Structures are given as C-alpha cells and as structure tokens.
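The structure appears below as structure tokens.
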Amino acid sequence: MRLAALVFAALLLGAVLPAQAALNLCNRTSYLLYAATAAIKSPQSQTQGWTRIAPGECQVARKEVLTTETYLVHARSSLAHSGPARAWGGSFPMCVKDTDFTLSHAGAMAVCNTEGSFSLPFAALDTGGRPNWTMTLDEQPMLPSLVAAQLAGVKRLLRDNGFDPGPINSAPAKQTGAALTAARKKFGAEKLDNAALFARLESEARKITAPTGYTACNDGDAVLDVALAEVIKGKPVSRGWWTVPRNACARILTASLPADGTYFLFARHKDGMAVAAGAEKFCIAPAAFEIHARGDCAARKQEEAGFVRTQTGGLAGFTARIGNTGLMTAAKAK
C-alpha cells in the first residue's frame, strides 16, 4: 500500500487551485468536462465555449469582470468516457455549437438560427453581484476535494482505456498504481505531467469509444430533441435530452451496446411535435432527465411519451437516422 501511496502522491502534486479571474469553473468530478458559459445583459446575450476542465482542475471560463445581470453555465462529459453521457445544467435554453464558439444574440431567450447552432439547458449562477466568482461542478456521491477528484478521474480514464484500476473512487490502491504504470508504459507517457497525462488518456480512450455506442443522426430539416430509452436485463431507464441540429449527429451512448439490450428512440421538434415515436411508453421530463422506472409517470409528476424500438441487432455500435417523417434506416457505426 505504501508503494501505491507514493505513486499517487506524485500524480496529485499538480492539482490546480482556483485562479484569480472573473469566472472560474472547478471540476470536482471524476469526468473530463467541457463547459460553456453565457452572459445576459438585457436585451442582449452572449454565449461561449468550450472550456476543457480535467478532474481536479479549475479553469478560467470568462476573463471579464462580472458586470452583467445573469451568468449561466452548461457542462458535459468528454466523449472519451464510456457509458451514458453526463451533463450539468438547468432549464434555461441557450445556443451553442459543437465546436469552439462565441455567439451573440439580441435577446436573452435566443433563437438558434446560426448555422450549426442548437440549444442546451443552462443553469443560472448566483454570483451575489460579485465581480469574481468560482463555481464547483460536483457529481453524486460528492467527492471530498479537488485532489480526490483528480485521483478518481485518472481511475475513470484508465478504465475507459481498458485497464482495471479498481473502484472509481478517491482511495489510493496498489491495483490503481499498477494500472497507471502500465498505461504510462503503453502510451509512452512515463515523463508526462498531470495535464499531459489526462490529455493522452483522453485521446487514447476516444479511439476506443468512437466505433461503439448509440448515435442519433438528424437527416431532417429542423433541429430535434432526442431521448433514448433502454431495457437491459429487465431494468428500464430513459434519458434525455440530446439536441441534434439538422445534418448532424449526437453520440448518446459511448460504451459498447450489450447484445441483450433493447433500445427505444423518441425525437421531437422544438415546438414539441413528435417526429420519431412509437408504441413503447416511457417517462420523460421537460428538462434534462434520467428516469430508472417505467409507467406511473403522472404519479411522479413526469410526462409519458411513445418511443419507437430501434433494431440494433446485437451490434456494439449503432446509428439511428431520423428524417422529416420519422425513423429511417439504421446502420452499424463505422
């Protein structure tokens, strides 16, 4: 155990503390995050992204002194991570792009009419009128510190790369030390510092997750909100929303699809009109949701929607294509 502790002491010395700047975002989760921020000063708004924040780091998201009326944030997990994508936000829609962007609009509730833009749900920050503010992004169960998040984060990326670091938590372990040593050797990363190591592990993990998982593509003429439901070993779960611009795709699941899983899709226009729907009923919610139940939606103050089953055929990677009139063909992800 002493050897493992020494290994992680070297790893964690570089944990980044908040910088002195206008708006800082700190990542106290085990996920690599990409964050977008918005500033609203009536009657205008400006949104920008994406700020990459490794576990245990704090990054400057906005450099200007905080003088506008409202600031908002949305963060999402890196595509390098296996399993369902994770998002941190609220219920206030703001326009973003998949690539790095800055968008300005004449109103607070922006209409996403810029090519390649779409809306995501942002959460408002209570800065108390201060010119500088630091927000910490957490997961459940909450990790105790930024240092703990960095250790849990490297474990998650090691697992995403096919190593076995043990449980994803903040406890040093000999098993995790061995996995880290093996990863450094495999990727030629023996001399990399913390930041470079996270970048290498993320890059290598994306090579693994790219061919697998579940992708929804929008071949129609309007932006879609997409939800996915799955039933694995009799256990249902429904998740949403993924905003998919026209002529674009969204990676909904990045892990390999189990052969015994069944997957159901629901897609609708921004005005609520269903585009891809079916007879399989699952619960949904107006904002981002993950519901581990099926039926009795109204009793839980949720809505019910009809999902259409997608024929994944036991493939590890699957792409569902959605046209103007519903689900089109589906093919294995290349």
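The numbers here are math on the coordinates, done by the rules we state, and not lab data. Everything numeric here is computed off the predicted structure, so don't read it as measured data. All Cβ positions, glycine included, derive from the backbone under ideal geometry; neighbour counts span all protein chains shown.
Results, tabulated for the structure shown:
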read-out	value
Cα centre as origin, Lys/Arg/Asp/Glu Cβ charges: the chain dipole, Debye	860
Which listed pairs, of Lys174/Lys207; Lys155/Lys235; Lys235/Lys301; Lys186/Lys233, have C-alpha distances above 32 Å, in listed order	Lys186/Lys233
Average Cα contact separation per residue, the chain, under 8 Å, 6 or more apart, as relative contact order %	16
Inter-site label distance for Asn169 and Arg184 at 7 Å from Cα along Cβ, in nm	2.5
Axial C-alpha extent at least 20 Å, average Kyte-Doolittle at least -1.0 - helices from the chain (DSSP)	146-160, 194-209
Reported label for calculated Cα extents along the principal axes in Å given (1) 59, 52, 38; (2) 62, 43, 38; (3) 73, 49, 40	(1)
Dipole in debye (nearest 20) - the stretch 213-331, about Cα centre, beta carbon charges: Lys, Arg +1; Asp, Glu -1	160
Ranked packing of 163-171, 26-34, 92-100, most packed first, by mean Cβ within 10 Å	26-34, 92-100, 163-171
Per-selection Rg to Rh, the stretch 148-305 - Cα, Kirkwood hydrodynamic radius	1.07
Mean Cα-pair separation over length for the stretch 215-327, i.e. relative contact order, pairs under 8 Å, 6 or more apart, %	33
At 1.306 mPa s and 10 °C, Stokes D of the stretch 160-202 from Kirkwood alpha-carbon radius, µm² per second	147
Order by protection proxy (mean Cβ within 10 Å, highest first), peptides 216-226, 298-308	216-226, 298-308
For peptides 188-197, 44-53, sequence by mean Cβ density within 10 Å, most packed first	44-53, 188-197
Over the chain: helical MRE at 222 nm, DSSP H runs n ≥ 4 each giving -39500 (n - 2.57), nearest 500	-5500 deg cm²/dmol
Computed E for Ser91/Ser42 - FRET, C-beta separation, R0 30 angstrom, nearest 0.05	0.95
Dipole-positive endmost among Val73, Asn113, Ala171 within the stretch 1-208 (Cβ charges, Cα centre)	Ala171
Paramagnetic label zone (point 7 Å from Cα along Cα-to-C-beta, Met328; backbone N under 19 Å) in the stretch 201-245	214-227, 243-245
Given charges at Cβ of Lys, Arg, Asp, Glu: the chain dipole, positive-most of Pro131, Ala61, Val223	Ala61
Nitroxide proxy distance, nm - points 7 Å out along Cα→Cβ at Asp271 and Glu69	2.8
Gaussian network model of the chain, springs between alpha carbon atoms under 10 Å - residue of Cys112, Cys249, Cys297 with greatest fluctuation	Cys297
Principal axis dimensions, the stretch 213-331 - Cα atoms, whole angstrom, descending	37, 35, 22
Distance (nanometres) between label positions extended 7 Å along Cα→Cβ at Thr99 and Arg130	3.6
Sparsely packed GluC sites (Glu not before Pro) within the stretch 21-120, loop by DSSP, other Cβ within 10 Å at most 12	Glu64, Glu69, Glu115
Charge tally in the Cβ shell below 13 Å around Asn247, where Lys, Arg are +1 and Asp, Glu are -1, Asn247 excluded	-2
For the stretch 50-172, alpha-carbon Rg relative to the globular expectation (2.2 N^0.38 Å, N residues)	1.22
